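Enquirer: Can you read through this structure? Questions will come right after.
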Amino acid sequence: MEESILKIKISLPPLEEHLYVRHDLLSVLDNNLYREQSFTRNLTLLSAPAGYGKTTLARMWLQQYSGRVAWFSLDHNDNQRERFWMYLIYAIRQTFPNIGNGSLALLRSLGMSQTGACSADYLLTPFLNDLFVLEDKFFLVLDDFHLIDTKEIQKDLVFFIEHLPQQFSLVVTTRSEPPWPLARWRSRGTMQEIRQSDLRLGFQDSEKFLLREKRLDLQADQVEILYRKTEGWITGLQLAAFTLKRSSDISRFVERLAITQRHIFHFLSQEVLEKIPEPARDILTDISILQRFCSSLCDYLCEREHSGRLLQDLEKENVFVMPVIHQGQDDWYRFHPLFADLLASNMRRKYSPAHICRLHARAGSWFYRRGEFSEAIRHFLLAGENEQVALVFNQHLEEILHSEGPKSFVDCFSILTERVLLSYPRLKAYKAWFCLVHRGKDAALECLASTKITEQMKSEMPDDIQGMFSVIHTYLSIYEHDMKTALIHAQQAWQKLKPGNSFWRTSIAVLSGDARLFASRPDAALPYYREAYQENKESENFYLCLSAGFKLATTYYYLGRLDKAEELTRNLLKLARREGLAQVSRVGLIWTLLGELMRERGNLEEAARCMQRGIMISEPEKPSLAWNYLFRVRLAVSQGNIDEGFDYI
C-alpha cells in the first residue's frame with residue numbers, strides 16, 4: 001500500500017541556492033544537543049510568523065545528519081488522525097522500512113474492522129517500541145505544524161513526545177504555539193526553542209545580507225531605512241532586494257518604502273509582481289490553487305508550455321517558490337505561504353467562481369491520470385464535481401482508505417447526495433458498513449433506509465454488491481441477537497461474494513463463526529473462523545489474521561482440543577513477533593489464552609507469567625483487558641487465592 005502514499009509529502013526538500021547562513025542559530029541548535037549516543041532533548045520547536053525562515057533553518061541545520069532525517073510536510077488534509085500517523089510512520093520508513101508495522105496495521109483496521117476509536121497509548125505503543133531499537137540518532141521534522149488543529153492528534157503527539165526514546169528527536173516548525181505542556185518540558189530541559197525574536201536579523205546581519213549576499217549598492221541611511229521598515233524580517237529583505245535589483249531609481253524606491261502607510265509585505269509583493277511579465281503573472285495566479293506543483297502540472301492546468309523555466313527562475317531568486325523535491329524534468333515546488341495568500345486574493349478578484357472551479361477540475365484530472373487519487377478527489381470536491389468524486393472513490397476506494405484513513409471517505413458522504421450515490425451501490429454498501437462499525441446499529445439502519453434501493457434494483461446489482469449488503473444484514477442480525485436470521489443472510493453472502501473479494505469474505509467468515517458460537521455451537525463455528533484466518537494470512541493482513549486466529553484458537557479451547565489450541569496460539573505469537581505486531585493490544589489476548597492453556601495443564605507458574613504479560617500488553621484496550629482479567633480469575637481460583645480472584649472480578 002505504500003504506492004498510495006503521496007511521496008512528495010515525506011521527501012526531504014532540497015536546500016535552496018544562495019541561502020543566507022545563520023551561523024548564530026545553527027550554533028544554538030547544536031549546543032548541548034546530545035550526550036554520548038543519546039539526545040539531551042527530544043523536541044526542537046521553531047515558532048514564528050510566516051517568512052522568518054523556519055523551514056529553511058531546519059533544513060540547513062539537519063543537512064549535516066545525512067541519512068538520519070525524516071521529513072513530513074503538513075497540509076490541512078493531515079487533520080485526519082489516521083492519515084496523519086500513516087504519513088508520519090511512512091516518513092520514517094523511508095530510512096527504516098520495517099518501522100511501525102504494528103501501528104500501521106492498527107490504523108488500517110480503524111477503517112476496515114470493528115476496532116473503532118482507540119487511545120494514544122493503544123495506537124502508538126507498538127510504534128514507540130519499534131523506535132527504541134534504533135541504534136543511531138535520528139530526527140523527524142514536522143513542517144508547518146500550525147495547520148494541524150485536531151485535538152485528538154494534539155493529544156497523541158503529547159503522548160508521543162513524552163515517550164520518545166533518547167536516540168530520537170522531533171523538530172517542529174510552526175507559526176503558532178502548539179497546545180502542549182511546553183512549560184513542563186522547559187522546566188525539564190527536554191526542549192529547545194527558536195522564536196521570532198531569535199529569527200529576526202539584527203542590523204549588521206541585515207546589512208551583510210543586502211550588501212554582500214545580494215550585492216546591492218546602497219548607502220548606509222538606505223540600509224537603515226530598509227532594516228527599520230522590515231524589522232529584520234528576512235522575507236521582507238528578500239522582497240526588497242528582488243525589487244531593488246530591477247529598479248532604475250533605488251533612492252526613489254527606498255523613499256517610497258519609507259513613507260508608505262501600507263503593510264510592508266503587501267507593498268513589496270505588489271512591487272515584485274509588477275516586475276514579472278504579465279503572461280508569467282497569469283501562470284502564477286492560475287497555479288495558486290495548488291499546494292505543490294511541477295512544470296507538467298502547470299502546463300496542463302494553464303494550457304501553456306514551458307512553465308518549468310519560470311519556476312526555475314523564481315526559485316533562484318528565493319522569493320516566490322521554494323523547492324520541495326528535485327526529480328529531473330519534474331521538479332516540484334510550493335509557494336512561499338505569504339505569496340500563496342496574495343495570489344489567491346488576486347485570483348478571487350480576477351476570476352469568476354466558475355473559472356476557479358474549472359481550474360480545480362483540470363487539476364483533479366491531472367492527478368487522477370497520474371494515479372494520485374486522494375489529490376484528485378480534493379480538487380474535484382473544490383470544483384463541485386461530485387460525480388467525479390464518486391467515480392474515483394468507486395474505482396479506487398481501498399487504495400484511498402489505506403492512504404487517507406476512513407475520515408476522508410466519511411466526509412465525502414456528507415457531501416455526496418443520495419442521487420449521486422444511487423448510481424454507486426458499492427459505495428452505499430461501504431457507507432452502511434462504516435456507519436455500523438463506527439456509529440452503531442441505528443446509524444447503519446438509517447443509512448440503509450435512505451438508500452431507497454428496491455428489491456428489483458437489488459436483484460439487478462452485481463452479485464458481489466448483493467453479497468456486501470448481505471454481510472451488513474448479517475452483522476445487524478447479530479446486533480439484534482437474532483442468530484437464525486443472521487445465518488440466512490450469511491448464507492446469501494457466501495453465495496454472492498466472489499473468491500477474490502478478501503475484505504468482505506473474511507468479514508462474513510468471522511460473522512458466520514460468531515453467529516454459531518453465540519448460539520452455543522463452537523463446533524459449527526470452527527470452519528468459518530479457520531476460513532477467516534487463512535484468508536487474512538494469504539492476503540497478508542496480519543492484524544486481522546491475529547484477530548481471526550485468536551477466535552479460532554479460543555474455539556479449539558472451547559471444544560477441549562487443547563493441543564491444537566496451544567499449537568495455534570504459539571504460532572500466532574511467532575507471527576506477531578515476525579511482523580512487528582508483538583506489542584499490539586490484541587496480542588495480549590493471545591498471551592492470556594496461552595496462560596489459560598497452561599493452567600488447564602496444571603502449570604500454574606507458567607500460566608501466571610503468560611497472563612501477566614497478556615494483561616500488560618492489553619492495558620490500552622479495555623475490552624481485551626477485561627477478557628484477560630476473566631482468565632486471571634480462573635488462575636487465582638486454581639491457586640487457591642479466592643480473595644485475589646474477587647479483586648480481579
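Enquirer: Looking at (1) at negative phi; (2) open to solvent by less than 50 Å² (accessible area, probe 1.4 Å), find the lone condition where ARG586 falls short.
Expert: With respect to (1) at negative phi; (2) open to solvent by less than 50 Å² (accessible area, probe 1.4 Å), ARG586 is out only on (2).
Enquirer: OK, next. Which residue pairs have Cβ atoms under 6 Å apart, sit 6 or more places apart or on different chains, and have a first residue in the stretch 156-182 that is under 22 Å from PHE138 (Cα atoms) and a second that is assigned to a loop (DSSP other than H, G, I, E, B)?
Expert: From residues that are under 22 Å from PHE138 (Cα atoms), the pairs are VAL158/TRP180; LEU164/ASN42; PRO165/PHE132; GLN167/LEU134; GLN167/LYS137; SER169/ASN42.
Enquirer: So, one more: Consider ALA576 carefully, then state whether it is within 24 Å of TYR122 (Cβ to Cβ), open to solvent by less than 80 Å² (accessible area, probe 1.4 Å) and not in a helix (DSSP H, G or I).
Expert: no
Enquirer: I would also like to ask the following. If I filter the stretch 169-181 for residues that are charged (D, E, K, R) and within 20 Å of the chain's Cα centre (by Cα), do I get at least one hit?
Expert: No, because not a single residue in the stretch 169-181 is charged (D, E, K, R) and within 20 Å of the chain's Cα centre (by Cα).
Enquirer: Just the residues that are assigned to a loop (DSSP other than H, G, I, E, B) and closer than 20 Å to GLY440 by Cα, please, taken from the stretch 462-507.
Expert: Across the stretch 462-507, the qualifying residues are GLU480, HIS481, ASP482.
Enquirer: A further question on this structure: Return only the number of the condition from (1) in a helix (DSSP H, G or I); (2) in contact with a Leu (Cβ under 7 Å, 6 or more places away or on another chain) that PHE72 does not satisfy.
Expert: Only one criterion in (1) in a helix (DSSP H, G or I); (2) in contact with a Leu (Cβ under 7 Å, 6 or more places away or on another chain) is unmet by PHE72, namely (1).
Enquirer: Something else now. Give the residue, chosen from ILE377, ILE356, that is at pLDDT 80 or above, open to solvent by less than 20 Å² (accessible area, probe 1.4 Å) and among the β-branched types (Val, Ile, Thr).
Expert: ILE377
Enquirer: Separate question: Could you tell me which residue of the stretch 334-353 is modelled with the lowest pLDDT, considering only residues that are under 16 Å from CYS302 (Cα atoms) and open to solvent by less than 20 Å² (accessible area, probe 1.4 Å)?
Expert: LEU343
Enquirer: Residue by residue through the stretch 1-40, note down the ones that are open to solvent by less than 60 Å² (accessible area, probe 1.4 Å), at pLDDT below 90 and not in a loop (DSSP other than H, G, I, E, B).
Expert: If the condition is that a residue be open to solvent by less than 60 Å² (accessible area, probe 1.4 Å), at pLDDT below 90 and not in a loop (DSSP other than H, G, I, E, B), then SER4, ILE8, SER38 are the ones that fit.
Enquirer: Within the stretch 508-529, is even one residue touching a Leu at 6+ places or on another chain (Cβ under 6 Å) and of a type in the set (Lys, Arg)?
Expert: No, there is no match, as no residue in the stretch 508-529 is touching a Leu at 6+ places or on another chain (Cβ under 6 Å) and of a type in the set (Lys, Arg).
Quick grid of which residues meet (1) among the acidic types (Asp, Glu); (2) closer than 30 Å to GLY202 by Cβ; (3) without any contact (Cβ under 8 Å) to a residue 60 or more places away in the chain:
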| site | (1), (2), (3) |
| --- | --- |
| LEU26 | no, yes, yes |
| ASN31 | no, yes, yes |
| ALA48 | no, yes, no |
| GLY51 | no, yes, no |
| VAL69 | no, yes, no |
| GLN80 | no, no, no |
| PHE84 | no, no, no |
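Enquirer: Among the residues of the stretch 540-573, count how many are open to solvent by 40 Å² or more (accessible area, probe 1.4 Å) and farther than 27 Å from LEU131 by Cα.
Expert: Total satisfying the criteria: 9.
Enquirer: What is the residue count in the stretch 98-134 for residues that are at negative phi, assigned to a loop (DSSP other than H, G, I, E, B) and modelled with pLDDT under 80?
Expert: Qualifying residue count, the stretch 98-134: 6.
Enquirer: Check off (1) part of a helix (DSSP H, G or I); (2) open to solvent by 40 Å² or more (accessible area, probe 1.4 Å) for PRO179 and give me the number that stays unchecked.
Expert: Evaluating PRO179 over (1) part of a helix (DSSP H, G or I); (2) open to solvent by 40 Å² or more (accessible area, probe 1.4 Å) leaves (1) as the failure.
Enquirer: Would you check if ILE617 is modelled with pLDDT of 95 or more and either hydrophobic (A, V, I, L, M, F, W, C) or in a loop (DSSP other than H, G, I, E, B) (or both)?
Expert: Spelling it out, it is not the case that ILE617 is modelled with pLDDT of 95 or more and either hydrophobic (A, V, I, L, M, F, W, C) or in a loop (DSSP other than H, G, I, E, B) (or both).
Enquirer: For the stretch 474-531, give me the residue count where each residue is open to solvent by 30 Å² or more (accessible area, probe 1.4 Å), touching a Gly at 6+ places or on another chain (Cβ under 6 Å) and more than 19 Å from GLY549 (Cβ to Cβ).
Expert: 1
Enquirer: Another question about this same structure. Which residues, counting only those in the stretch 182-198, are surrounded by 13 or more Cβ atoms within 10 Å (Cβ to Cβ), among the hydrophobic types (A, V, I, L, M, F, W, C) and farther than 19 Å from ARG22 by Cα?
Expert: LEU182, TRP185, MET191
Enquirer: Taking VAL172 as the residue in question, decide whether it is β-branched (Val, Ile, Thr) and either surrounded by fewer than 16 Cβ atoms within 10 Å (Cβ to Cβ) or more than 11 Å from LEU45 (Cα to Cα) (or both).
Expert: Considered against the rule, which asks whether it is β-branched (Val, Ile, Thr) and either surrounded by fewer than 16 Cβ atoms within 10 Å (Cβ to Cβ) or more than 11 Å from LEU45 (Cα to Cα) (or both), VAL172 comes out as no.
Enquirer: Also, I was wondering about something else. Would you pick out the residues in the stretch 424-443 that are over 20 Å from SER408 (Cβ atoms), modelled with pLDDT under 85 and not basic (Lys, Arg)?
Expert: Across the stretch 424-443, the qualifying residue is only GLY440.
Enquirer: Could you tell me whether the stretch 622-630 includes any residue that is within 28 Å of the chain's Cα centre (by Cα) and surrounded by fewer than 18 Cβ atoms within 10 Å (Cβ to Cβ)?
Expert: Looking through the stretch 622-630, at least one residue is within 28 Å of the chain's Cα centre (by Cα) and surrounded by fewer than 18 Cβ atoms within 10 Å (Cβ to Cβ).
Enquirer: Next question, about the same structure. Tell me, please, whether a residue that is closer than 27 Å to THR235 by Cβ and touching a strand residue (DSSP E or B) at 6+ places or on another chain (Cβ under 8 Å) can be found in the stretch 349-359.
Expert: Looking for residues that are closer than 27 Å to THR235 by Cβ and touching a strand residue (DSSP E or B) at 6+ places or on another chain (Cβ under 8 Å), one finds none in the stretch 349-359, hence no.
Enquirer: Another question, then. Pairs please, first residue from the stretch 237-250 and farther than 17 Å from LEU199 by Cβ, second anywhere and of a type outside the set (A, V, I, L, M, F, W, C) and not in a helix (DSSP H, G or I), Cβ atoms under 7 Å, 6+ apart in sequence or on different chains.
Expert: ALA241/LYS214
Enquirer: Give the residue, chosen from THR125, THR150, THR95, that is of a type in the set (Val, Ile, Thr) and either buried (at least 21 other Cβ atoms within 10 Å of the Cβ) or in contact with a Ser or Thr (Cβ under 7 Å, 6 or more places away or on another chain) (or both).
Expert: None of the other options fit; the residue is THR125.
Enquirer: Go through the stretch 241-280 and report how many residues are at pLDDT 75 or above, closer than 20 Å to LEU338 by Cα and aromatic (Phe, Trp, Tyr).
Expert: 1
The values are calculated or read from the model by the stated rules, or taken from the named source; none is laboratory data. Treat the numbers as computed from the prediction; the structure is a model and nothing was measured. Neighbour counts are summed over all protein chains in view; Cβ atoms, including those assigned to glycine, are modelled from backbone coordinates with ideal geometry. Just so you know, the surface numbers come from the protein's heavy atoms only, side chains and all, with ligands and any DNA or RNA stripped out. Shrake-Rupley method; radii C 1.70, N 1.55, O 1.52, S 1.80 Å.
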